[in-house]
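Throughout, read-outs are computed from the coordinates displayed, never taken from laboratory work. Keep in mind that what you see is a predicted model, and the values were worked out from it rather than measured. Reconstructed Cβ throughout: ideal geometry from the backbone, glycine too, with neighbour counts over all protein chains shown.
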Amino acid sequence: MAALATAKASGYNQWQQARSASDFSQFAPALQRLIHLRQEQARQLAEPRSCWETLAQPFEPDLSLQRLQEVFAPATGIAGTAGRNRRVSPFQNRQLGSAGDGAATALR
């Protein structure tokens, strides 16, 4: 995507110069580059991919959805364990226990 944006900006400048000089040959290399990049973009969009792969293509062209899942597979389930091993401090136990509601016992 960045290459296409750069080529468009550069091509526009070259087109302006070629137009004022009435010399299309000055613009031809920029036009060829733009055509090449658009063809590449069309090939990428035509490939059977997931939505994520298509949208991520300009930023991570070699990263497939399968590889992404492999990378993050070990992290599956970590979010659900965030508070499981948390201990209540003795101060919290005393505070909760003084309420007489049994909350300190439930937290232990």
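Calculated FRET efficiency, THR6 and ALA42, Cβ-Cβ r, R0 30 Å, to nearest 0.05? Don't skip to the end; give the middle numbers.
Numbers: r = 19 Å, r/R0 = 0.62.
That pair, THR6 with ALA42, gives E of 0.95.
Express in nm, to one decimal, how much length is gained between GLU70 and GLN32 on full extension, taking 0.36 nm for each residue of separation and deducting their alpha carbon distance.
Numbers: separation 38, 0.36 × 38 = 13.68 nm, distance 3.88 nm.
Stretched out fully, the GLU70 to GLN32 stretch lengthens by 9.8 nm.
Rank-order 41-47, 9-15, 64-70 by packing density, defined as the average count of other C-beta atoms within 10 Å over each peptide's residues, highest first. Numbers along the way, then the final one.
Numbers: 41-47: 10.6, 9-15: 14.3, 64-70: 12.1.
The peptides rank, most packed first, as 9-15, 64-70, 41-47.
Suppose R0 equals 35 Å; then what is the FRET efficiency for ALA56 and GLN16 from their Cβ-Cβ distance, rounded to the nearest 0.05?
0.55
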